[in-house]
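Okay, so here's the structure we're looking at.
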Amino acid sequence: MNILVCISKVPDTTSKIAFTDNNTRFDSSNVQYIVNPSDEWYALVRALELKEQLGTGKVSIITVGLAEDDAIIRKALAIGADDAIRINALPADSFFVASQIAEYAKTQDYKLVLTGKETIDYNNAEVGGMVAELLGWEFITPANKLDVESDKVRVESELGGEILVLEAPMPVVISAAKGMADQRIPNMRGIMAARTKPITVVEPFNVAPLVAIQKFEMPPAKAGVKLVDPENMEELVRLLHDEAKVI
Amino acid sequence: MDTMEAKKTALKGGEWLIKETSYQDVFIPEEFDEEQRMIAQTCNDFLQNEVYPLVERLDSMQEPELMPSLLDKSGELGLLGLNIPEQYGGFGKDFITGMLATEVLGAGHSYAVAISAHTGIGTLPIVLYGNDEQKAKYLPKLATGEWKASYCLTEPGSGSDANSGKTKAMPTSDGKHYIINGQKMWITNAGFADIFIVFAKVEDDENLSAFIVEKSFGGVRLNAEEKKMGIKGSSTRQVFFEDCKVPAENMLSTRGNGFKIAVNILNIGRIKLSAAAVGASKKVASVAINYSNERIQFGRSISKYGAIRHKLAEMAIRIFGAESATYRASQNIEDRIHAYSTEGMDAAQAELKGVEQFAIECAMMKVEGSEVLDFVVDEGVQVYGGMGYSAEAPMDRAYRDARINRIFEGTNEINRMLTVDMILKRAMKGEIDLMGPAQAVVNELMAIPDFGDESNELFAAEKKAITQFKKAILLVAGAAVQKLMMQLAKEQEVLMNIADMAIKTYIAESVMLRAEKLVALRGEAAAQIYIDIMRVTFNDVADKLWVSGKNAINSFAEGDEQKMMIIGLKRFTKFEPVNTKEARQRIAQKLIEENRYCF
């Protein structure tokens, strides 16, 4: 069974966020990029575990990005993916990315497409659903556990404090969330093998993005924390009422 | 490329003292490639995910299986086999990649000591001196961690004077075995080691021989765990060999070659210790920077106060210096190894010779790396204020764990003396021409000072200063040799002064070369902060050279000669005025913005 894992590059969580061009563009200078954690820790690692369990098939990764993203791709290859596809275009928006992935996936025989639940940069959580729609496949999100049983998947999804147990026929798109797998640290063998694993570069097909970014804004600075003496509940009520205006 | 290669490989250890180095010939950490960065990331992930959650439990020593299990996991990741050849189950990575991994893992407290003892002094003797059978038998298991190694050199009466050990290896009458008897102490990893590299004297030999001893041979008895100031989670015990019967084929190298093995393994250990200290320093500095941003006093983060900013900047400046010099020397070693291999030498021999060639730099970096770390942890405690003294806060462990680094792998005093001793020995042997340049310095003192044209070009002042600093060393060392002659070896205070001058000059030059290379790679505007680091370094090194040089000269010279030398020293340790306050402010600002060590 061949599995396609969609990975995205995101700024490292310690990156300083800044904008250029009159706040219309993200300033990527000096930004350290990493593989989006839920793509890497949950989607990719679970795909590898499934391949190891089943003993057959291939795990491919796909990303939409330019040549500079090869470093991120090789990290995923070092973790254990067999090969990689890079759609040679800037990821304009979720629809553009999903369209490219779906367009490529159509030509292959994947039974399972995995994405992370969401990326930690824009947190749109859209690509998985869009890919499913474009392919005409079922879509499950968030998936906290995933097992494959012959031609269907069994998924546990934690929503609103409840666990839904779902089944769906394959092929299927699944967005992976916490609990599905544990982070795998690339080992030396993987790191060295990553150099020789194939990265196929595919030119994008023509599709217009649906979203254009008008402007970025930083969230307002957080106000300091006020500590209230536990004996002084009147003061707490006053603060909540007069200052925070929540009661 | 060919000519550049030739130039690089032509460098000899200690030669920096009399030769100019071009920035094109040095390696800087910014040049690590993608694969090396990935390896570093793996090491860092391993610390974050597997080691840091366990530091308390490791240090409590209540679970003896914990540390070996971490080594097993390190083996699964391949971290134990980085420098083991591929044919013996390792990954055959080059020297500098091993240094990078050592640096990152160096922030791992007790675990750092355990893994470096295993991969370094435990495994390297077999990698470098083992014959094919020994390598085939031991290295694959050491690479996976199935067998864990330790190194038994020190004895109760034989520490710095390693060749005076009393442990004996007596050949059996059939010549098939040696019976080892003796007592070793401060043996890292002893509690769980399967393999002991044991140094002992065969019969009444003057020199040590080295043996690979398996615990399963029997006759190996362990004392209880030592109670230590720091690195409490690393197993350290006395090891007694009591009629331990070792097959004759387990002798490493040849009879009597043990001291040489010990010395060469220590050379590697020394420069690796510097890398590990740099890694630990970066971690501690980052923790301190983060705390200074969070801790509010008088209504503001303490990182806004000049006294704290000075500390943060100074930590970074010193780390940057040690790191620059460590990797500069590492690349020299790498180039040498490569050159020897190209000449047809086998890999182990090439590595040994390459490291041996740069033994001076290894000793210097051991001193500098460990002292930078001690400075950083000390100031780390200070930045934490009252919390720095709390055993609940992270600085307590960092402070205690750092201290051993000035002691093991040869104390810093021994390494300072070795630095000068090796430089002088090479000069005597004619391997580096010190006498000519030293005489030129004396002549220059007699002549009218050449004030030269002041150049405003970037790095002109630093390049001139480096030339002058080296003259200062030659002046003091040359005069010391002439005045004290054979007595010099006993004048340890003077040796310490000269070693300090050499170390600080090497650091300053390495910082300058790195800054110059960064300007070439990224442009001057983007490299401004490195220029700040460089200028503060030069400002401070000039003063340190003056103090060390003055103390040395005043100890052995008098009258007109003393006056003339002091005037000369003053001239050679001059550096243009630097507004170090503003430079440190800028450096600190960058650290505070990034909220971590970021250079």
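Each of A:Asp82, B:Asp45 has its accessible area taken with a 1.4 Å probe; listed largest first, they run A:Asp82, B:Asp45.
Using the beta-carbon distance between A:Gln53 and B:Thr172 and R0 = 60 Å, what value does 1/(1 + (r/R0)^6) give for FRET efficiency, to the nearest 0.05? Mind dumping the intermediate values first?
Numbers: r = 55 Å, r/R0 = 0.91.
According to the calculation, E is roughly 0.65.
Spatially, the range B:262-276 and the range B:36-72 are offset by 22 Å when compared through their Cα centroids. Averaging the sequence gap over all C-alpha pairs within less than 8 Å and six or more residues apart, then dividing by the number of residues, gives the range B:151-258 a relative contact order of 32 percent. Using only the Cα atoms of the range B:30-147, build the gyration tensor, take square roots of its eigenvalues as a ≥ b ≥ c, and label the shape rounded, prolate or oblate: rounded if a/c is under 1.5, else prolate if a/b is larger than b/c, else oblate. The shape class here is oblate.
Other residues with beta-carbon under 11 Å from the beta-carbon of B:Ser330 carry, at +1 per Lys or Arg and -1 per Asp or Glu, a net charge of -3. Here the protein assembly as shown yields Rg over Rh of 1.01, to two decimals, using C-alpha coordinates and the Kirkwood radius.
Between B:Gly81 and any residue 5 or more places off or on another chain, the built amide H atoms are never under 5 Å apart. Label point 7 Å out from B:Thr254 along Cα-to-Cβ: which residues of the range B:328-353 have amide N under 18 Å? In the range B:328-353, the label zone of B:Thr254 (backbone N under 18 Å from the point 7 Å along Cα→Cβ) covers B:346, B:348-350, B:352-353.
Starting from 0.36 nm per residue, how many nanometres of slack lie between B:Asn49 and B:Ala525 once their C-alpha separation is accounted for?
Working: separation 476, 0.36 × 476 = 171.36 nm, distance 3.78 nm.
That works out to 167.6 nm of additional length.
Leaving ligands, DNA and RNA out of it, rank B:Tyr305, A:Tyr104 by accessible area with a 1.4 Å probe, largest first.
Values: B:Tyr305 60, A:Tyr104 40 Å².
Putting B:Tyr305, A:Tyr104 in descending order of accessible area: B:Tyr305, A:Tyr104.
With the whole protein complex present, B:Asp560 retains an accessible surface near 120 Å², based on a 1.4 Å probe.
Per residue, the range B:259-413 exposes 34 Å² of accessible surface when a 1.4 Å probe is rolled over the protein heavy atoms with every protein chain present.
Counting Cα-Cα pairs of the range A:37-118 in 10 Å increments starting at 0 gives whole-percent bin shares of 17, 52, 29, 2.
Annotation for the range B:521-599 versus the range A:184-222: alpha-carbon center distance of 44 Å. When all protein chains stay in place and ligands, DNA and RNA are ignored, the 1.4 Å accessible-area order of B:Ser173, B:Ser22, largest first, is B:Ser173, B:Ser22.
Measuring only protein heavy atoms, the 1.4 Å probe finds B:Met229 accessible over about 130 Å². For the pair A:Asn232 and A:Ala168, how long in nm is the line joining their label points, each one 7 Å along Cα→Cβ? Between A:Asn232 and A:Ala168, the label points sit 5.4 nm apart. Overall shape: oblate for the range B:132-232, with the ratio a/c of the largest to smallest alpha carbon gyration tensor axis at 1.5 or above and b/c at least equal to a/b.
Counting Lys +1, Arg +1, Asp -1, Glu -1, what net charge surrounds B:Leu273 among other residues with beta carbon under 14 Å of its beta carbon? Intermediate results must be reported in sequence, preceding the final value.
Working: positive: B:Arg270, B:Lys272, B:Lys366, B:Arg403, B:Arg406; negative: B:Glu103, B:Glu323, B:Glu361, B:Glu368, B:Glu371, B:Asp374, B:Asp401, B:Glu409.
Residues near B:Leu273 contribute -3 overall.
Amide H contacts for B:His177 (H built 1.01 Å from N in the peptide plane; partners 5 or more residues away or on another chain; cut-off under 5 Å): B:Thr172, B:Ala248.
Here the range B:392-471 and the range A:1-51 have alpha carbon centers that stand 46 Å from each other.
Taking every DSSP beta bridge that has both residues in the protein assembly as shown, what percent is antiparallel when rounded to the nearest 5?
Values: 46 of 78 bridges.
In the protein assembly as shown, DSSP labels about 60 percent of beta bridges as antiparallel.
Extending 7 Å from Cα along the Cβ direction at A:Ala208 and again at B:Ser341 yields two label points whose distance is 5.7 nm. Applied to the range B:106-122, the Karplus parametrisation 6.51 cos²θ - 1.76 cosθ + 1.60 on θ = phi - 60° returns per-residue 3J(HN,Hα) values of x, 7, x, 6, 4, 4, 4, 5, 5, 6, 6, 5, 5, 6, x, 5, x Hz, with x for Gly and Pro. Here's how it looks for A:Lys152: its modeled amide H is under 5 Å from those of A:Met170, which are all 5 or more places away or on a different chain.
Grab the other residues whose beta carbon is less than 13 angstrom from that of B:Gly233, score K and R as +1, D and E as -1, and report the net.
Values: positive: B:Arg57, B:Lys227, B:Lys228, B:Lys232, B:Arg397, B:Arg400; negative: B:Glu56, B:Asp59, B:Glu63, B:Glu65, B:Glu225, B:Glu226, B:Asp401.
Value of the local net charge: -1.
Within the full protein context, the accessible area of B:Thr467 is estimated at about 60 Å² for a probe radius of 1.4 Å. Partner aspartates and glutamates whose Cα lies under 15 Å from the Cα of B:Lys282, excluding those fewer than 8 positions away in the same chain, are identified as B:Glu103, B:Glu314, B:Glu323, B:Glu368, B:Glu371, B:Asp374, B:Asp378, B:Glu379, B:Asp401, B:Glu594. Between 0 and 90 degrees, rounded to the nearest ten: what's the tilt of helix B:580-594 against the longest Cα principal axis of chain B? Between helix and principal axis, roughly 50 degrees.
Which of rounded, prolate, oblate describes the range B:434-594, given a ≥ b ≥ c as roots of the alpha-carbon gyration tensor eigenvalues and a/c under 1.5 marking rounded, otherwise prolate only if a/b is larger than b/c?
Values: a/c = 2.44, a/b = 1.90, b/c = 1.28.
In terms of gyration-tensor shape, prolate.
FRET efficiency for the pair A:Glu149 and B:Asp543, taken as 1/(1 + (r/R0)^6) with r the Cβ-Cβ distance and R0 = 60 Å, rounds to 0.20.
The values are calculated or read from the model by the stated rules, or taken from the named source; none is laboratory data. Worth saying up front: this structure is predicted, and the values here are computed from it rather than measured. FYI the Cβ positions are ideal-geometry reconstructions off the backbone, even for glycines, and counts take in every protein chain you see. With ligands, DNA and RNA removed, areas are computed over all heavy atoms of the protein, side chains included. Shrake-Rupley method; radii C 1.70, N 1.55, O 1.52, S 1.80 Å.
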